[in-house]
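Have a look at the structure below, then the notes.
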């Protein structure tokens, strides 16, 4: 059966005989694995549409056992991502993370639109790429139903005033009050599940949760705040979703 869908290329792997295996985040079918015999010969527009960081329209031939890409055209190429090393490393991490959280052949329109926004913002951004990546991680958690608790204590449920919170407890799933933080004994946290957290980071977490990713266009955290947020997100994904040791992770730490 032939069909057409828009999609984002997450990964491309060369195999024998010039054939390529693609991981496509398709709008209609969710994440799919597909083979293609389209070659790089002549750097054709069709071949360019099969590269990672590309949003394209793809012609598929589906059988009961496999999917093949028989044609492709670029809708939007975020080619500028490859022109900056730090930008490329962050975007590569976002693609790999997205690949890990998606289920095979389950449409995820919200995540699809979020990833498109992230790629567009990354392509045009000049600095603080890690800030945007941390924002993407947090917004992605919300769409996965694993959003951290930031408006009340994640342990006792007590209300937190603006900026209040003594620690972020990964196991509890969010910010905890001073009393619960003392009970959690951060000094004995050998598994790195409890993080000291500043009022500024709390406000950033709440801002990202309550605003679309596009509102982060001009937001740039200080390097130490950016590093703290990324460290926290990495631990949270590992504990709650079992996602860790990504190949691209070492590039953005």
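Read-outs throughout are calculated quantities, based only on the coordinates presented, and are distinct from any laboratory measurement. Note that the structure is predicted; figures quoted are calculated from it, not measured. Ideal geometry is used to build each Cβ from the backbone, glycine not excepted, and the neighbour counts take in all protein chains shown.
Apply the Kirkwood formula to region 2-77: the hydrodynamic radius equals the inverse of the mean of 1/r over all pairs of different alpha-carbon atoms; give it in Å with one decimal. Mind dumping the intermediate values first?
Numbers: mean 1/r = 0.0833 Å⁻¹.
Hydrodynamic radius (Kirkwood, Cα pairs) of region 2-77 is 12.0 Å.
To the nearest 0.05, what FRET efficiency results for residue 80 and residue 199 with a Förster distance of 25 Å applied to their C-beta separation? Before the final figure, lay out the partial values.
Numbers: r = 36 Å, r/R0 = 1.42.
That gives a FRET efficiency of 0.10.
Taking Cα atoms, how many degrees apart are the long axis of helix 85-101 and the longest axis of the chain, rounded to 10 and kept between 0 and 90?
Between the helix axis and the principal axis of the chain, the angle is about 90 degrees.
Exposure proxy check: 74, 4, 150 ranked by fewest other beta carbons within 10 Å? Intermediate results must be reported in sequence, preceding the final value.
Values: 74 16, 4 12, 150 23.
Listing 74, 4, 150 from fewest to most nearby Cβ atoms yields 4, 74, 150.
To the nearest 10 degrees, how steep is helix 109-124 against the longest Cα principal axis of the chain, on a 0 to 90 scale?
Roughly 90 degrees, rounded to the nearest 10.
Please determine, in degrees from 0 to 90 and to the nearest 10, the orientation of helix 199-210 with respect to the longest principal axis defined by the Cα atoms of the chain, where the helix direction is its Cα long axis.
40
Quick check on region 51-166: take the gyration tensor over C-alpha atoms, sort the square-rooted eigenvalues as a ≥ b ≥ c, and tell me if it's rounded (a/c under 1.5), prolate or oblate. The partial results should precede the final answer.
Working: a/c = 3.35, a/b = 1.59, b/c = 2.10.
Oblate, because a/c is 1.5 or more while a/b does not exceed b/c.
Return the calculated 222 nm mean residue ellipticity for the chain, to the nearest 500 deg cm²/dmol, obtained by summing -39500 (n - 2.57) across DSSP H runs with n ≥ 4 and dividing by the residue count.
Details: 8 runs with 94 residues, N = 253.
Result for the chain: -11500 deg cm²/dmol, rounded to the nearest 500.
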